[in-house]
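Written out below as C-alpha cells is the structure these notes cover.
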Amino acid sequence: MVQLYINDVLSSVTTPVKELKGFSRISLEPGETRTVKFKLLPEDLALFGRDMKPVVEPGTFEIMVGSSSKDIRLKGDFLVK
C-alpha cells in the first residue's frame, strides 16, 4: 500500500501533523518498481478557519509518501500563494 499524507506547516488553527489524503493498494514483485500518481485538489488543502468556513491558507505544505504513517519514504513540499 502507498499512502499520501500532507501537513500544513503553519496555519491559523491546529491541524494534524500527518493527514492522510490518498492511498493506493499495489502489489510489487521483489525488485519491481511502479509509479503511483495522486491528485490533490484545493479542498484537500482546506481547513475550517475560526469562522468554521473552509479556507485554503497561503503557506508551505509538506507532502509525505510511504507504506504507513510510521514508514515515510519520500518527502517534499510546495508553496500555496
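The values are calculated or read from the model by the stated rules, or taken from the named source; none is laboratory data. As the structure is a computational prediction, the values presented were derived from the model and not from experiment. Note: accessible area is taken over every heavy atom of the protein model, side chains too, but ligands, DNA and RNA are not part of it. Shrake-Rupley method; radii C 1.70, N 1.55, O 1.52, S 1.80 Å.
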| remark: Condition set open to solvent by 90 Å² or more (accessible area, probe 1.4 Å) and not in a loop (DSSP other than H, G, I, E, B), scope the stretch 42-53, selection nearest to residue 76 (Cα to Cα): answer is 43
| query | Is there a residue being open to solvent by less than 100 Å² (accessible area, probe 1.4 Å), polar (S, T, N, Q) and not in a strand (DSSP E or B) anywhere in the stretch 30-41? | reply | no
| Verdict on residue 4 being under 15 Å from residue 64 (Cα atoms) and either open to solvent by 60 Å² or more (accessible area, probe 1.4 Å) or assigned to a loop (DSSP other than H, G, I, E, B) (or both) | no
| note | Within the stretch 7-25, restricting to residues that are within 14 Å of residue 68 (Cα to Cα) and in a strand (DSSP E or B), the one that is least open to solvent (accessible area, probe 1.4 Å) is 22
